[in-house]
Every structure is written in structure tokens, then in C-alpha cells.
1. I'd like the residue in the stretch 129-140 that is open to solvent by less than 50 Å² (accessible area, probe 1.4 Å) and not small (G, A, S) and, out of all such residues, is farthest from D42 (Cα to Cα).
2. Filter the stretch 62-101 down to the residues that are among the charged types (D, E, K, R) and without any contact (Cβ under 8 Å) to a residue 60 or more places away in the chain, then identify the one that is surrounded by the fewest Cβ atoms within 10 Å (Cβ to Cβ).
3. Can you tell which of T86, T101 is farther than 21 Å from T43 by Cβ and among the polar types (S, T, N, Q)?
4. Residue check, D111 against (1) loosely packed, with under 15 Cβ neighbours inside 10 Å; (2) in contact (Cβ under 8 Å) with a residue 40 or more places away in the chain, all met but one. Which one?
5. So D116 ticks every box in (1) outside any helix (DSSP H, G or I); (2) modelled with pLDDT under 90; (3) charged (D, E, K, R) but one. Which box is left unticked?
6. Just one of (1) modelled with pLDDT under 95; (2) surrounded by 15 or more Cβ atoms within 10 Å (Cβ to Cβ); (3) not aromatic (F, W, Y) trips up A33, so point out which.
7. What number of residues in the stretch 121-142 are part of a helix (DSSP H, G or I), touching a Lys or Arg at 6+ places or on another chain (Cβ under 9 Å) and of a type outside the set (S, T, Y)?
Amino acid sequence: MILKHSYAKAFAALILLCAAGFYQLTTSSKVLAVLLVPDNADTVRTGAGLYVKYCASCHGANLEGQPNWQTRLPNDRLPAPPHDKTGHTWHHNDALLFKITKLGTKSLAGDDYETDMRGFSSELSDDEIIAVLSYIKSTWPAEIRQRHDQMNKRSAKK
């Protein structure tokens, strides 16, 4: 009886490990395949509406972010950064921007990191996240968009 119980526990653990591995593989490949489409008018239009609904309350209606976004608040959190050319959003490749938006900053920085940037995986589909990020990128000047495209190409080669 004890032997059967041990096998059952081992089998359950194996199933959990397989499920976790499958989840990692499928979510990782989605993240790696992310490519923003700032020149697709339909996607950008959809993203603009979603941005207003889900992002503008923190990041600003004009992507301007919160004041003094590089200075920690008394609660040790940083204000929401701008997503326009003055911010640092364009310093991150598409895959990282997607992952931050989908899973939240803590998913990358660790549970002890204080942040208000939660993930939106329960509210937005992958395509909707790509639409929001494509809208944001569509507002950047051509030079910054080109630099961002170059960064994505370098990241894809790694």
C-alpha cells in the first residue's frame, strides 16, 4: 500500500513537472515570436483604444508618464515612466516589452521588487498586448523606431 502511494506521488509530481515545462515552452516561444507592427493601421487603432482603457491612467493620455518618473516615491516604488520618446520603453526589445506587459515587472525583477506595474494576462490577449505596444511604438520618431528595430534584430540573433 505504501509503495502504491509513493508511485502515485511520484506520478503526480512528474505530471506537474511536464505541465510546467510545457507552459514554459509555449509561453517562451510566444514571447520570442513577438513582433510589433506599428505600421499596421488597424492594429494601431485597436492598440490606441486599449491603451486609453488600460494604460493611460498611469502612463498618461499622451504617453507622458508620471512626473519625476526616475525618482522613487516614499513607498519605494517608481512612478510610471513615459512611453513616448522621452522615456526608456524603446530601450527594451519587443519580447521584453511583451513579457512585462503580460506578466508584470515582478515576473522579471523578482517578488521583492516594489512596483505598480502588474501583468495584464487576465485582461488582454496576446494580440491585444501586441496592439497596445504597436500603438506606443507608432508614436515614436522614425530615428527611435529604427534604433528599436535594430535592437530587435540583434536580440533575435542571440
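1. Filtering the stretch 129-140 down to residues open to solvent by less than 50 Å² (accessible area, probe 1.4 Å) leaves 129-138, 140.
Going one step further and asking which of them are not small (G, A, S), we end up with 129-130, 132-133, 135-137, 140.
Values: I129: 14, I130: 12, V132: 11, L133: 13, Y135: 10, I136: 14, K137: 14, W140: 18 Å.
That would be W140.
2. Going through the stretch 62-101, the residues among the charged types (D, E, K, R) turn out to be 64, 72, 76-77, 84-85, 94, 99.
Right, trim to without any contact (Cβ under 8 Å) to a residue 60 or more places away in the chain and you get 64, 72, 76-77, 84-85.
On the way: E64: 17, R72: 11, D76: 9, R77: 14, D84: 19, K85: 14.
Among them, the one singled out is D76.
3. On the way: T101 fails: farther than 21 Å from T43 by Cβ.
Result of the check over T86, T101: T86.
4. (2)
5. Every condition holds for D116 apart from (2).
6. (2)
7. Of the residues in the stretch 121-142, the ones part of a helix (DSSP H, G or I) are 126-138, 142.
Retained after the next criterion (residues that are touching a Lys or Arg at 6+ places or on another chain (Cβ under 9 Å)): 126, 129, 131, 135, 137-138.
Okay, now just the ones that are also of a type outside the set (S, T, Y), so 126, 129, 131, 137.
Selection size over the stretch 121-142: 4.
The values are calculated or read from the model by the stated rules, or taken from the named source; none is laboratory data. Only a predicted model underlies this, so the values are computations on that prediction, with no experimental measurement involved. So basically every Cβ, Gly included, is an ideal-geometry build from the backbone, and we count neighbours across all protein chains shown. Heads up: the accessible areas ignore ligands, DNA and RNA and are worked out on the full protein's heavy atoms, side chains in. Shrake-Rupley method; radii C 1.70, N 1.55, O 1.52, S 1.80 Å.
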